[in-house]
Amino acid sequence: MAKVIVMTSGKGGVGKTTSCASIGTGLALRGHRCVMIDFDVGLRNLDLIMGCERRVVYDFINVIQGEATLNQALIQDKRVEGLYILPASQTKDKDCLTLEGVEQVIEQLKADFDFILCDSPAGIERGALLAMYFADEAILVTNPEVSSVRDTDRVIGLLQAKTLAAQEGRKVKEHLLLTRYHPGRVEAGEMLSLEDVQDILAIDLLGLVPESEQVLTASNKGLPVIHETASHASQAYQDTVARLLGEERPLRFAQREKTGFFSRVFKGGSK
């Protein structure tokens, strides 16, 4: 049975779409059929990170309004079998998203996919509420800073009150994905620690992604960073996908690396 997972955050710029691209890719690399829906109508960034922006002909809104079929709008990833993207519209307004239209698209996708990732716009407006409404699970993406964590706490409240699961007396399973983590800055008191974030939000940790220049470099190439397997960010997303699938993985990158003299001298560039 297909699982609907919303990728959400209260604050923009926390790495939500980047994380959606890598987690979706990771699921497909593990043999699961996965589709990612971009709910950020008017902006549309998921196709850029996936490197398929030039292949967009029809979009999510075209399907909802009956101007194209779902098969016409879905874009198959060039690198990974079983991975698809349903892009958002850059020209339409978020008001074009309707509850009935979103439900119809998701129900159609459930017949063909194991995972449906809903890449939500940041905040708590219409697009974000519709992205989370049909979710079975939620991955809450946050940075270790007070404003980001506070806004994420607000989104948790919405997941518990404004979703179909909440109306039916069920609970959306919540996961924490902490991105842009830097142990050195935590030690210096410049950002919240993992323990601080967990104490505030009180949800289970799914993954911790370290601050990495490779994330931006990969995104600019239209490549989900999980493909850059030598990078710490890729390894963190691989761990995240494994945990999402029920596997146990030790937590990495939460502590500052301890290196000896020779490894400091001969170590290459930033990962």
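Which cross-chain or sequence-distant (5 or more) residues have an amide H under 5 Å from the amide H of PHE113, H modelled 1.01 Å from N in plane?
Counting only residues 5 or more places away or on other chains, the set is empty.
Quick one: which of 229-239, 93-103 comes out on top by average Cβ neighbours within 10 Å, and what's the full order, highest first?
Numbers: 229-239: 20.2, 93-103: 14.9.
Top of the packing list down: 229-239, 93-103.
Given H placed 1.01 Å from N in the peptide plane, which residues other than close sequence neighbours of CYS118 have an amide H under 5 Å from its amide H?
ILE5, VAL6, MET7, ILE37
As an exercise, use a Förster radius of 25 Å and the Cβ-Cβ distance of GLN160 and ARG252 to find the FRET efficiency, rounded to the nearest 0.05.
0.25
Between segment 137-205 and segment 103-133, what's the alpha-carbon centroid distance in Å?
19 Å
Among VAL155, VAL80, VAL197, which one shows the biggest mean-square fluctuation in a GNM of the chain, springs joining Cα atoms closer than 10 Å?
Maximum fluctuation in the GNM of the chain, among the listed residues, is at VAL80.
Binned at 10 Å from 0, what are the whole-percent values of the Cα-Cα distance distribution for segment 166-206, short to long?
For segment 166-206, the pair-distance distribution reads 26, 41, 21, 10, 3.
Shape verdict for segment 1-58, please, from the Cα gyration tensor: rounded (a/c under 1.5), prolate (a/b greater than b/c) or oblate.
Values: a/c = 1.65, a/b = 1.17, b/c = 1.41.
Because a/c hits 1.5 or more and a/b fails to exceed b/c, segment 1-58 counts as oblate.
Going by average Cβ neighbours within 10 Å, how do the peptides 205-212, 216-223 rank, with the highest at the top? The partial results should precede the final answer.
Working: 205-212: 21.9, 216-223: 16.0.
Result, highest mean Cβ count within 10 Å first: 205-212, 216-223.
Please report Rg (one decimal) and Dmax (integer) in Å for the Cα set of segment 128-271.
Spelled out, the Cα radius of gyration and Dmax of segment 128-271 are 17.0, 59 Å.
With θ set to phi - 60° and the Karplus curve 6.51 cos²θ - 1.76 cosθ + 1.60, what are the ³J(HN,Hα) couplings of segment 78-92 in order, to the nearest whole Hz, using x for Gly and Pro?
Result, ordered by residue: 7, 9, 10, 5, x, 10, 9, 10, 10, x, 7, 8, 8, 10, 9 Hz.
Quick one: net charge around LEU159, please, counting Lys, Arg +1 and Asp, Glu -1 for every other residue with C-beta under 9 Å from its C-beta.
+1
Note the per residue figure in Å³ for the convex hull of the C-alpha positions in segment 123-163.
For segment 123-163, the hull spanned by Cα atoms encloses 61 Å³ per residue.
Given a cut-off of 21 Å, name the pairs among LYS16/LYS221; LYS16/LYS94; LYS11/LYS92 whose C-alpha atoms lie farther apart than that in the structure shown.
In this structure, LYS11/LYS92 exceed 21 Å between Cα atoms.
Suppose only helical runs count, i.e. DSSP H with n ≥ 4. What mean residue ellipticity at 222 nm does that imply for the chain under -39500 (n - 2.57) per run, divided by all residues and rounded to the nearest 500 deg cm²/dmol?
-10500 deg cm²/dmol
How many Å² of accessible area per residue for the chain, probe 1.4 Å? Could you put the intermediate results ahead of the total?
Working: 12550 Å² over 271 residues.
Accessible area per residue: 46 Å².
Out of every Cα-Cα pair in the chain, what percent are more than 33 Å apart?
Tail of P(r) above 33 Å: 18 percent of Cα pairs.
For segment 40-90, what is the convex hull (Cα atoms) projected area averaged across all directions, in square nanometres?
Here the figure is 3.3 nm², rounded to one decimal.
Mind listing the phi-derived Karplus ³J(HN,Hα) values for segment 66-75, rounded to whole Hz, using 6.51, -1.76 and 1.60 with θ = phi - 60°, and x for any glycine or proline?
Karplus values, whole Hz, x for Gly and Pro: x, 8, 7, 7, 4, 4, 5, 8, 5, 10.
Would you mind putting 185-195, 245-255, 60-70, 141-151 in packing order, based on average other-beta-carbon counts within 10 Å, highest first?
Details: 185-195: 14.5, 245-255: 11.5, 60-70: 17.3, 141-151: 20.4.
Result, highest mean Cβ count within 10 Å first: 141-151, 60-70, 185-195, 245-255.
With the full set of protein chains in place, find how many percent of the accessible area of the chain is carbon and sulfur; take the probe as 1.4 Å.
Values: 5930 of 12550 Å².
The value for the chain is 47 percent carbon and sulfur by accessible area.
What nm value, rounded to one decimal, do you get for the distance between ASP112 and ASP196 when each label is placed 7 Å out toward the C-beta?
A separation of 4.6 nm, rounded to one decimal place.
With the chain treated as a Gaussian network of Cα nodes joined by springs under 10 Å, which of LEU117, LEU201, LEU46 yields the largest mean-square fluctuation?
Per the Cα network of the chain with a 10 Å cutoff, LEU201 tops the list.
The values are calculated or read from the model by the stated rules, or taken from the named source; none is laboratory data. Because the structure is a prediction, the values reported are computed rather than measured. Because the Cβ atoms are built from the backbone with ideal geometry, glycine has one as well, and the counts that use them run over all protein chains shown. Keep in mind that these areas ignore ligands, DNA and RNA; they rest on the heavy atoms of the full protein, side chains included. Shrake-Rupley method; radii C 1.70, N 1.55, O 1.52, S 1.80 Å.
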